[in-house]
Amino acid sequence: MKQWQRSLAESITSPEDLLHQFDVDPSRFSNVVTRYPMRITPHYLSLIREPFDPIWRQCVPDPIELSKDELVPDPLNEEGLSPVPGLIHRYPDRAVLVVSTACAVYCRFCMRKRKVGCTPSPAIGRMLDDVCRYLSETPAIRDLILSGGDPLLLDDETLEEILERLRSIPHLEIIRIGTRVPVTLPERITTRLCSILKRFHPIYVNTHFNHPAEIVAASAAACAKLSDAGIPLGNQTVLLRGVNDDPAVMKHLMQRLLAIRVRPYYIHQMDLVQGTGHFRTSVSKGIEIMEALRGHTSGLATPYYVIDLPGGKGKVPVLPEYVQRRGDVLLVRNYLGEMVEYRD
Ligand code: SF4
């Protein structure tokens, strides 16, 4: 067993395990994990400073996950947009391949909560046959995102097999991997993994830091290994109530990401996923955060703030209003809030 697999095996999976470190009543979480499983790696657990801090909220079950609301398990209609099992084909030139339903940590806000951790991972061999046939017959797809669950929870050999099969499809130019292991299980980013990935360039990795407290020496070292293998790193952050819905926290996060060579890519408005409603913020909170970033820190540290429209209608960027037209003149609002005249 490799070190990262040992760490995974040592993860806590039951609320009672929290008792070793924290003075909490685990019985209030027990019902939740029978519906939505829990797993917290030793590394991620070590980041918790106290109950209900931003790290705790992301990984420890909350009874509110079971409350009845108007939200649905699959608001983006991923199942309806799946031409063959495992593949989600929403945009003409891109597709998502769900290769695993397991993750190192089961995030409480997960948009695939309906299946991640609760359904078995697909049988890769059979799935790949169907997926590769579909991809070969669909030359418009030039960009494939490996997703999950977490693709990097697959062992090296399986990952290598997937990448080899995908790279045999000539029109597939770009392969992206969406993973949270640099945050939750950084020891998974091994020298061997990096040497496998770099054989299949262009490979891009999108990771998922949500709070500056997640950026520590181990996660920074994991990102450095990927960068040193020539893999461009982007980050997707989900805007989460009680975790990062604060302009100062977000600015700190974005600046810290750049310092570890990870380019902030998206801030996502929470999807309308059943069991996650307590994390939702208003869209005006997201706009407030974008206004606090744009012009107040480097443009490189300023991601897009996006809403993924329900029903699989696609992602749209949400921007603060910067421009007003008065006759022939444009009034443009700068980062200080001043309206500056501009003639186009
Ligand atoms: S790592 Fe990603 S897919 Fe896995 S539980 Fe967290 S948000 Fe969901």
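Among all the aspartates and glutamates, which ones have a C-alpha under 16 Å from LYS2's C-alpha, if same-chain residues fewer than 8 places away are not counted?
GLU10, ASP155, ASP156, GLU157, GLU187
Out of all DSSP beta bridges with both ends in the chain, state the antiparallel percent to the nearest 5.
Of all bridge pairs located within the chain, approximately 40 percent are antiparallel.
In whole Hz and in residue order, list the ³J(HN,Hα) couplings for the stretch 101-108 that follow from phi through the Karplus curve 6.51 cos²θ - 1.76 cosθ + 1.60, θ = phi - 60°; x for Gly and Pro.
3J(HN,Hα) across the stretch 101-108, in whole Hz: 10, 9, 9, 5, 10, 8, 5, 5.
Would you calculate a helix-derived [θ] at 222 nm for the chain, using -39,500 (n - 2.57) for each DSSP H run of n ≥ 4 and dividing by the full residue count, to the nearest 500?
Helices in the chain give a 222 nm mean residue ellipticity of -8000 deg cm²/dmol.
Can you pull a Stokes-Einstein diffusion coefficient for the stretch 55-166 at 37 °C (0.692 mPa s), Rh from Kirkwood over Cα pairs, as a whole number of µm²/s?
214 µm²/s
Say the dipole of the stretch 3-343 comes from +1 at the beta carbon of Lys and Arg and -1 at that of Asp and Glu; which of THR119, HIS20, ALA222 then lies farthest toward its positive end?
Farthest towards the positive end: ALA222.
Compute the length gained on full extension between VAL318 and THR190: take 0.36 nm times their separation in residues and subtract their Cα-Cα distance, giving the result in nm to one decimal.
Answer, rounded to one decimal: 42.4 nm.
Can you list the residues of the stretch 52-67 with backbone N under 17 Å from a point 7 Å past the Cα of THR34, pointing along Cα to Cβ?
61-67
Solvent-accessible area per residue for the stretch 3-343 at a 1.4 Å probe radius, Å²?
44 Å²
Taking H as built 1.01 Å from N, whose amide H comes closer than 5 Å to the amide H of ILE177, not counting residues under 5 places away?
For ILE177, the qualifying residues are LEU146, TYR204, VAL205, ASN206.
Ignoring ligands, DNA and RNA, what percent of the accessible area of the stretch 1-75 is carbon or sulfur (1.4 Å)?
Taking all protein chains in place, the stretch 1-75 shows 51 percent carbon and sulfur surface.
At a 1.4 Å probe, what is the % contribution of carbon and sulfur to the accessible area of the stretch 230-344?
Of all accessible area on the stretch 230-344, carbon and sulfur atoms account for 53 percent.
Under the Karplus relation 6.51 cos²θ - 1.76 cosθ + 1.60, θ = phi - 60°, what is the ordered set of whole-Hz ³J(HN,Hα) values for the stretch 184-198, x standing for Gly and Pro?
These are the phi-based 3J(HN,Hα) values: 9, 8, x, 5, 5, 7, 8, 4, 5, 4, 4, 5, 5, 4, 5 Hz.
Quickly work out the GLU173-to-GLU341 label distance, labels modelled 7 Å from Cα along the C-beta direction, and quote it in nm with one decimal.
It is 4.4 nm.
State the volume of the convex hull built on the alpha-carbon positions of the chain, expressed per residue in Å³ and rounded to an integer.
Hull volume over Cα atoms, normalised by residue count, gives 152 Å³.
Report the FRET efficiency, 1/(1 + (r/R0)^6), for ALA224 and GLU160, where r is their Cβ-Cβ distance and R0 is 22 Å, rounded to 0.05.
Computed FRET efficiency for ALA224 and GLU160: 0.50.
Determine the relative contact order of the chain: mean sequence separation of Cα pairs under 8 Å and six or more apart, normalised by residue count, in whole percent.
Value for the chain: 15 percent.
Arrange the peptides 272-280, 10-18, 294-302, 101-109 so that the one whose residues have, on average, the most other Cβ atoms within 10 Å appears first.
101-109, 272-280, 10-18, 294-302
The values are calculated or read from the model by the stated rules, or taken from the named source; none is laboratory data. On a predicted model such as this, the values are computed, not experimentally measured, just so you know. Here Cβ is always computed from backbone atoms with ideal geometry, including for glycine, and neighbour counts include all displayed protein chains. The accessibility values were calculated without ligands, DNA or RNA, using every heavy atom of the protein model including side chains. Shrake-Rupley method; radii C 1.70, N 1.55, O 1.52, S 1.80 Å.
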